[in-house]
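Here's the structure we're looking at; comments come further down.
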Amino acid sequence: MSDEPKFPSTQPDAGPTAARSTLPMWIFSLTIVLLYLGAVYFDHHGGWFDARVYGPYVSAEELDSYQPKSGAAAVLAQGRKTYEMVCGICHGVDGFGKPGQFPPLAGSEWVNAKGVQRLTHIPLTGLTGPITVKGEQMNFPAGMAAMGAALSDSDLAAVLTYIRSSWGNKGGPVTADDVKNVRAEIGGHAQPMTGEEMMKMPE
């Protein structure tokens with residue numbers, strides 16, 4: 001037996017160790033599935049990709065119609081806006097009308113006439129009975145009410161200018177003074193006119 005003194009070991013104690021373990025595959029798969037389902041739910045209910053928020057306009061042309069304009073462009077933009085609200089329901093936003101119900105404005109001799117008096121009378125007095133458009137007689141039982149009577153002179157002028165310059169039409173502009181003069185001529189006794197009566201007045 002040795003009498004030499006024993007000193008404690010100076011080696012650091014490593015402490016307890018744990019065996020390495022891997023994440024179970026089912027937990028990993030479940031996490032991926034939950035993340036995917038959460039993304040789908042957020043996509044449908046979060047509003048990030050909702051067309052009402054990020055895509056309210058269907059074309060660059062439509063977006064451009066809402067941009068500030070001046071001069072002739074402003075008149076056409078206002079005319080188009082009013083036309084689509086007041087006239088487009090019957091005559092169509094494309095100006096082709098509805099067979100057997102409402103006559104076309106695209107290519108119409110009434111629209112492309114040299115003068116604007118007849119054309120201006122129609123929305124101010126209304127129209128009844130048959131009318132000949134593009135060489136074809138059309139009978140529209142419901143007729144047309146005086147849809148432009150409630151519009152201001154400038155708004156109706158803008159609508160008529162838009163109609164005369166759209167869908168291939170080549171008519172010139174209509175001014176607020178043109179509308180004012182026709183309105184004064186009609187006075188407060190506006191009655192729907194027939195196409196035949198319209199044809200008897202100067203263009």
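Details
- Matching entry among Ala157, Ala184, Ala149, Ala190 (being under 26 Å from the mean Cα position of the chain (by Cα), surrounded by fewer than 16 Cβ atoms within 10 Å (Cβ to Cβ) and either in the same structural domain as Cys87 (by TED's automatic domain parsing) or of a type outside the set (Phe, Trp, Tyr) (or both)): Ala149
- Those residues of the range 115-142 which are surrounded by 14 or more Cβ atoms within 10 Å (Cβ to Cβ) and either at positive phi or aliphatic (A, V, I, L, M) (or both), in sequence order: Val116, Leu119, Ile122, Leu124, Gly126, Leu127, Gly129, Ile131, Val133, Met138
- Within the range 149-194, the set of residues being closer than 20 Å to Val133 by Cα and small (Gly, Ala, Ser) comprises Ser165, Ser166, Gly168, Gly171, Gly172.
- Filter result for the condition that a residue is charged (D, E, K, R) and farther than 21 Å from Pro202 by Cβ, over Lys180, Lys170, Lys114, Lys98: Lys98
- Within the range 125-159, the set of residues being under 18 Å from Glu196 (Cβ atoms) and in a helix (DSSP H, G or I) comprises just one member, Thr125.
- Enumeration of residues in the range 66-114 that are polar (S, T, N, Q), in a loop (DSSP other than H, G, I, E, B) and surrounded by 12 or more Cβ atoms within 10 Å (Cβ to Cβ): Gln101, Ser108, Asn112
- Residues of the range 193-203 that turn out to be surrounded by fewer than 12 Cβ atoms within 10 Å (Cβ to Cβ) and not in a loop (DSSP other than H, G, I, E, B), as a count: 2
- Hits in the range 66-96 (condition: on the phi > 0 side of the Ramachandran plot and at pLDDT 90 or above): Gly92, Gly95
- Top-ranked residue in the range 49-65 [being surrounded by 10 or more Cβ atoms within 10 Å (Cβ to Cβ) and of a type in the set (A, V, I, L, M, F, W, C); ranked as modelled with the highest pLDDT]: Leu63
The values are calculated or read from the model by the stated rules, or taken from the named source; none is laboratory data. Not measured: the values here are computed from a predicted model. Virtual Cβ from ideal backbone geometry, glycine too; neighbours counted across all protein chains shown.
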